[in-house]
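Scroll down for the structure; my scribbles are underneath it.
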Amino acid sequence: SFVLLFLVSGLLYAQDPVLTISCPASADDWVTITYYADNGCTPDGKTSVAGLPYIAIHSGVTIGGSGWQYVKGWNDTPDNITATKMFPENGTNNYKITFIPREFYGIPASESPTGINCVFNGSDNDPAPWASEGKDPNNTCGDFAIAFADCSGTSIGTVGQGAIQLHNYPNPFTTATQ
């Protein structure tokens with residue numbers, strides 16, 4: 001499976017990635033989400049998740065334009081504590097998790113999710129798990145919103161063209177983010 005790491009955006013804008021998702025991505029594909037904690041946002045009053053031996057993804061899906069459906073709370077059950085753990089790759093602060101969204105979130109076949117909403121925390125290795133948090137630096141330190149894409153498109157920017165839209169990179173020509 002080809003992994004789209006948004007290197008195109010990184011090269012064009014000379015920015016480091018914050019969050020990536022493998023491509024293609026859909027509710028029924030294996031997806032890998034990588035959070036680059038060194039580049040993420042740490043909300044005021046919190047500490048960074050960077051440097052922790054593992055972190056957790058707290059997430060849900062977007063269905064019918066509504067985010068945070070079928071939430072997989074990292075500590076809702078003992079099984080979720082294990083299922084939501086993300087480990088760093090090769091001594092970096094780049095944390096990865098791989099799953100099939102429909103199975104991971106328990107989404108019925110009658111539902112059609114279009115993306116994933118997520119934030120990251122210190123999991124059970126942090127004495128106060130939400131004291132450490134990772135969020136989207138280009139969404140006013142808010143939640144991440146990842147749109148699924150089939151990756152068959154040829155341009156960056158619209159879901160209809162197969163691009164994955166993240167509030168991930170600042171536009172170098174304006175103060176707005178895209």
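The values are calculated or read from the model by the stated rules, or taken from the named source; none is laboratory data. Note that this is a predicted model, so its numbers are computed, not measured. Cβ: placed from backbone, ideal geometry, glycine included. Neighbour counts: every protein chain shown. For accessibility, only protein heavy atoms count, side chains too; no ligands or nucleic acids. Shrake-Rupley method; radii C 1.70, N 1.55, O 1.52, S 1.80 Å.
Hey, can you find the accessible area per residue of segment 1-151 for me, probe 1.4 Å, expressed in square angstrom?
Result: 45 Å² per residue.
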Counting every C-alpha pair in segment 85-149, the percent lying more than 16 Å apart is 61
Pop out the ³J(HN,Hα) list for segment 33-48 in order, Karplus 6.51 cos²θ - 1.76 cosθ + 1.60 with θ = phi - 60°, rounded to Hz; leave Gly and Pro as x.
-> 10, 10, 9, 8, 4, 5, 9, x, 9, 10, x, 3, x, 10, 10, 6
If each K or R counts +1 and each D or E counts -1, the residues other than Ile21 whose Cβ falls under 14 Å of its Cβ total -2
